[in-house]
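A quick write-up on the structure given underneath.
The values are calculated or read from the model by the stated rules, or taken from the named source; none is laboratory data. None of these values were measured; they are calculated from a predicted model. Positions of Cβ are generated from backbone atoms using ideal geometry, with glycine treated the same way; all protein chains shown enter the neighbour counts. Note: areas computed on protein heavy atoms with side chains; ligands, DNA, RNA excluded. Shrake-Rupley method; radii C 1.70, N 1.55, O 1.52, S 1.80 Å.
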Amino acid sequence: MPSKKALVRRPSPRLADGLVTHVEREKVDVGLATEQWEAYVEALRANGWETIEVEPADDCPDSVFVEDTVVMYRNVALITRPGAASRRPETAGVEEAVARLGCSVNWIWDPGTLDGGDVLKVGDTVYVGRGGRTNPAGVQQLRAAFEPLGARVVAVPVSKVLHLKSAVTALPDGTVIGHIPKVDRPSLFPGFLSVPEEAGAHVVLLGGGKLLMAASAPRTAELLTDLGHDVVTVDIGEFEKLEGCVTCLSVRMRELYA
């Protein structure tokens, strides 16, 4: 049955020490970031989502990026094994949260690595970015967990950005959107729409034709509005300094059993 629950996690006081890979480090204002996170959570709630706050992980600078710790498919929660070893302690609190929600819990095991930000679901097709934080063993373990449930798992290369969903996300009709300079092989996606800004490649489907986007992509917001979408924007500038985007700040759980 459809559900609209979203896991979120409050920023760590050590957020400014978060990892950066493809960008130069900038100073992060943790106070401002917390205000932006609260506005992001409120935007989810205002659009019909029940937010569930995972226990904070104050010793883990990147823990606000909760999407990287678990991948949902139907009622199954696949607890990841992040590619950055420093992020692996983040998963314990998320595992507890999904278990409390009644999910069937699976795990990625050594030698596999998988970040949730590398997984894009379009219907029953599950695209997995390989080459950065996610390795071939992680892809294979995800395939073993989800293909018996009806998923079609497709590995795609990622070399220009941190995660697959740093490069591409998908619109409600399944069209994949991305900023061409950041996408390794757009031809791998059956329907692809180029957008004019890097941050414009990141959308969260809120339901009812609404899209949540970063305020830093106004030209893409205009483009998507012209295509008939109802765009909701939030300022997440402090998280963008750490290669974060609107997708990685929550885990949307759409198919939980009642």
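For the chain, the share of DSSP beta bridges that are antiparallel, to the nearest 5, is 45%.
For region 210-258 versus region 152-205, the spacing of their alpha-carbon centroids is 14 Å.
With a cut-off of 10 Å between beta carbons, the residues surrounding residue 14 carry a summed charge of -4, where Lys and Arg count +1 and Asp and Glu -1.
Remark on residue 236: its backbone amide H falls under 5 Å from those of 215, 216, a criterion applied only to residues 5 or more positions apart or on other chains, H modelled at 1.01 Å from N. Residues in region 4-254 average 40 Å² of solvent-accessible surface per residue, probe 1.4 Å, ligands and nucleic acids excluded. Using the rule -39500 (n - 2.57) for each DSSP H run of four or more residues, divided by the residues of the chain, the 222 nm mean residue ellipticity is -6000 deg cm²/dmol. The H on the amide N of residue 183, modeled in the peptide plane, is under 5 Å from the matching H of no residue at least 5 residues off or on a different chain.
Placing unit charges on the Cβ atoms only, positive for Lys and Arg and negative for Asp and Glu, gives the chain a dipole magnitude near 780 debye about its Cα centre. For residue 192, the accessible surface of its heavy atoms amounts to roughly 60 Å² (probe 1.4 Å, protein chains only, rounded to the nearest 10). Place +1 on the Cβ of every Lys and Arg and -1 on the Cβ of every Asp and Glu in region 62-160, take the dipole about the Cα centre, and give the residue among 155, 113, 103 whose Cα lies farthest towards its positive end. Result: 155. Distances between placed amide hydrogens fall under 5 Å for residue 177 paired with 169, 170, 171, 193, all partners being 5 or more residues away or on another chain. Annotation: residue 122 carries an accessible surface of approximately 30 Å², with a 1.4 Å probe and no ligand, DNA or RNA atoms counted. The protection proxy used here, the mean number of other Cβ atoms lying within 10 Å of each residue, ranks peptides 240-246, 35-41, 47-53 as follows, highest first: 240-246, 35-41, 47-53.
Cross-link reach is defined here as a Cα-Cα straight distance under 26 Å, omitting same-chain residues fewer than 8 places apart; for residue 4 the lysines meeting it are 121, 165, 210. Computed from backbone phi with θ = phi - 60° and the Karplus coefficients 6.51, -1.76 and 1.60, the 3J(HN,Hα) list for region 17-26 is 8, x, 5, 10, 10, 10, 10, 6, 5, 10 Hz; x is used for glycine and proline.
Counting only protein chain heavy atoms and rolling a 1.4 Å probe, the accessible areas of 88, 185, 254 rank, largest first, as 185, 254, 88.
Using θ = phi - 60° in the Karplus curve 6.51 cos²θ - 1.76 cosθ + 1.60, the 3J(HN,Hα) couplings for region 171-176 round to 7, x, 7, x, 5, 8 Hz; x is entered for Gly and Pro. With the whole protein complex present, residue 22 retains an accessible surface near 90 Å², based on a 1.4 Å probe.
Phi-derived couplings, Karplus 6.51 cos²θ - 1.76 cosθ + 1.60 at θ = phi - 60°, listed residue by residue for region 190-197: x, x, 9, 10, 7, 10, x, 10 Hz, with x used for Gly and Pro. Report the one residue of 257, 214, 232 whose Cα lies farthest in the direction of the positive end of the charge dipole of the chain (charges on C-beta: Lys and Arg +1, Asp and Glu -1; origin at the Cα centre). Result: 257, furthest along the dipole toward the positive end.
Take every DSSP beta bridge whose two residues both sit in region 113-213; close to 55 percent of them are antiparallel. Would you work out if region 11-89 is rounded, prolate or oblate? Take a ≥ b ≥ c from the square roots of the eigenvalues of the alpha-carbon gyration tensor; rounded if a/c is under 1.5, else prolate when a/b is larger than b/c, oblate otherwise. Oblate, because a/c is 1.5 or more while a/b does not exceed b/c.
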